[in-house]
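The values are calculated or read from the model by the stated rules, or taken from the named source; none is laboratory data. Values in this document were obtained by computation on a predicted structure and should not be read as measured data. Cβ placement follows ideal geometry from the backbone for every residue including glycine, while neighbour counts extend to all protein chains displayed.
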Amino acid sequence: MERIYVQGGRKLRGEVRLSGSKNASLPILAATLLAEDTCVIHNVPRIEDTRTMIEVLRALGAKVKFTDSGTVTVNASRLITHVAPYELVKRMRASFYVAGPLLARLHKAEVPLPGGCILGTRPVNFHTDAFQKLGARVLLAHGFMRAECRQLTGALIYLDPRWCSVGTTMNIVMAAAAAQGRTVVENAARDPEVQDFIKFLRKMGACIQGAGSSSLTIDGVRKLSGCEHTVISDRIEAGTLLMSAAATGGDVTVYPLEPVWLDQVLEALSGAGANVTRADNAVRVQRSGRMRAVDIATAPFPGFPTDLHPPFVAMISLAEGRSVIDERIYESRFAYVDELRRMGTDINVLGQTAVVRGVQKLTGAPVEAPDIRAGAALITAALAAEGESEISNIVVIDRGYESIEQKLAALGASIVRHDSSGRQAQLCLA
């Protein structure tokens, strides 16, 4: 197993060009199945999750090329099956995104149920209920969702306002884009990644109104065409790097980035004592002196993103005072806390709430990353800790972060990756 070693205590300084958004790239790649000619997508991050999605597309019959520069070319003119392979879908929940376009394009879809994960159960009933409202017959049996229809038809669909489900919103939009008539989605997700995804579909010829609001109107069209699109930057990567800068008392600028995408995060960083500078297409975070405690509660966009909760906890564990972290999205998000405790944090969890009492210092330790964002939290803590940390199970980090150790090393971090034989290795996902 590969490992990342971090010698902590160095202040991060410099500028970082962000990678393309993971959470926008995955549904955009799935949406290429709707076009009967070629789509060209730029700024796709070279991470494990995008590679898994590309393998799913190929298994369905699409011809896909992924260049070293992050450009993906997809031609899905001849799909050979409506069945997504279990061995690929089980790797990543986002593989379920192919259900909507398969149902719209082929009028049938058979996709393995992704089941639960370390973050807790995330049922697909929101997706399947929506497909049924659009006129599909849906059967859940033997670990698969099987759906078919003669023709999808528009419908009024209300999503649970407590969740504003991103995945469900995207799957509905893909299915409705080729349905007959008008579909209205209420309580739709408003995330920047959803807006970018809708921008891509509009370039394909989809008729969608309301992007960025909680109400979407989709008028189905008979045909969607290929197009060219550049994916937005990854705001979760941006937030992680900015929190690492604050944790180490550094000075880091990330770009290109619309500051409004991280409005609540930047407010929390300011509240913790960091100096936050917002530019037209960049954000800078500086921190000197000890941080202050601050409370947060995760929420759907434009609230504090749940994906940035773990690195925020790692950062705020060094603040003066007591911080309260209320997780309102995933019931098992705190699985990483035991690993942070190995580094000297003082964190107590009760249900969906964590109380973080700031400590004077963290110390390096061997830790294991339980999931993508928890892995980022462990790196953030290791960068600020005294001594060396060894982070294992880094395959989960590679699912969501492109060349993370190279970017941090360029900012002055002492961080290296070792391969299974113990030799220093460079990140290579080719």
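Structure notes:
- Taking the range 1-116 and the helices (runs of 4 or more DSSP H) fully enclosed by it, the elements with 2 or more residues that are more than 19 Å from Arg373 (Cα to Cα), touching a residue at least 60 places away in the same chain (Cβ under 8 Å) and among the aliphatic types (A, V, I, L, M) are at 22-31, 99-106.
- So Ser403, is it at positive phi, touching a residue at least 24 places away in the same chain (Cβ under 8 Å) and under 20 Å from the mean Cα position of the chain (by Cα): yes
- Options Ile218, Ile208, Ile232, Ile236; residue that is among the aliphatic types (A, V, I, L, M), touching a strand residue (DSSP E or B) at 6+ places or on another chain (Cβ under 6 Å) and under 24 Å from Val72 (Cβ atoms): Ile208
- When residues of the range 129-147 are limited to those that are of a type outside the set (A, V, I, L, M) and under 29 Å from the mean Cα position of the chain (by Cα), the one surrounded by the most Cβ atoms within 10 Å (Cβ to Cβ): Phe131
- Contact annotation: residue pairs with Cβ atoms under 9 Å, 6 or more positions apart or on different chains, pairing a residue in the range 190-218 that is on the phi > 0 side of the Ramachandran plot and not assigned by TED's automatic domain parsing to the domain that holds Phe304 with a partner that is of a type in the set (D, E, K, R) and assigned to a loop (DSSP other than H, G, I, E, B), are Gly205/Lys223; Gly212/Arg190.
Let's see how each residue does on (1) among the β-branched types (Val, Ile, Thr); (2) out of contact with any helix residue (DSSP H, G or I) (no Cβ under 9 Å at 6 or more places or on another chain); (3) touching a residue at least 40 places away in the same chain (Cβ under 8 Å):
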| residue | (1), (2), (3) |
| --- | --- |
| Ser288 | no, yes, no |
| Phe312 | no, no, yes |
| Asn348 | no, no, no |
| Pro370 | no, no, yes |
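- Just one of (1) within 18 Å of Ala246 (Cβ to Cβ); (2) buried (at least 21 other Cβ atoms within 10 Å of the Cβ) fails for Glu386. It is (2).
- Yes/no for Asp338 being out of contact with any Pro (no Cβ under 8 Å at 6 or more places or on another chain), closer than 24 Å to Arg290 by Cβ, without any contact (Cβ under 8 Å) to a residue 40 or more places away in the chain and among the acidic types (Asp, Glu): no
- Scanning the range 192-233 for residues that are crowded, with 24+ Cβ neighbours inside 10 Å and farther than 29 Å from Val283 by Cα gives Leu216, Ile218, Leu224.
- Among the residues listed as Val72, Val83, Val89, Val64, the single one being within 23 Å of the chain's Cα centre (by Cα), surrounded by fewer than 19 Cβ atoms within 10 Å (Cβ to Cβ) and among the hydrophobic types (A, V, I, L, M, F, W, C): Val64
- The conditions of being of a type in the set (A, V, I, L, M), modelled with pLDDT under 95 and out of contact with any strand residue (DSSP E or B) (no Cβ under 8 Å at 6 or more places or on another chain) are met by Ala335.
- If you go through the range 188-230 and keep only what is in a strand (DSSP E or B) and either polar (S, T, N, Q) or at pLDDT below 95 (or both), you end up with Gln209, Ser215, Thr217, Thr230.
- Residue check for Ala377: within 13 Å of Ala314 (Cβ to Cβ) and part of a helix (DSSP H, G or I): yes
- Residue among Leu106, Leu156, Leu152 that alone is more than 30 Å from Arg328 (Cα to Cα), surrounded by fewer than 17 Cβ atoms within 10 Å (Cβ to Cβ) and assigned by TED's automatic domain parsing to the domain that holds Arg202: Leu106
- Of Gln406, Gln352, all but one fail to be at pLDDT 95 or above and not acidic (Asp, Glu); the exception is Gln406.
- Condition check for Thr183: of a type in the set (S, T, N, Q) and either more than 28 Å from Arg333 (Cα to Cα) or out of contact with any helix residue (DSSP H, G or I) (no Cβ under 9 Å at 6 or more places or on another chain) (or both): yes
- The set of residues in the range 307-338 being closer than 17 Å to Leu266 by Cβ and under 17 Å from the mean Cα position of the chain (by Cα) consists of Asp307, Leu308, His309, Pro311, Phe312.
- Among the residues of the range 56-84, those that are under 23 Å from Ile172 (Cα atoms) and touching a Ser or Thr at 6+ places or on another chain (Cβ under 9 Å) comprise Val56, Leu57, Ala59, Leu60, Gly61, Ala62, Val74, Asn75, Ala76, Ser77, Ala84.
- The set of residues from the range 234-267 being crowded, with 24+ Cβ neighbours inside 10 Å and assigned to a strand (DSSP E or B) comprises Val252, Val254.
- Among the residues making up the range 283-306, those that are crowded, with 20+ Cβ neighbours inside 10 Å, under 25 Å from the mean Cα position of the chain (by Cα) and not in a strand (DSSP E or B) are Val294, Pro300, Phe301, Pro305.
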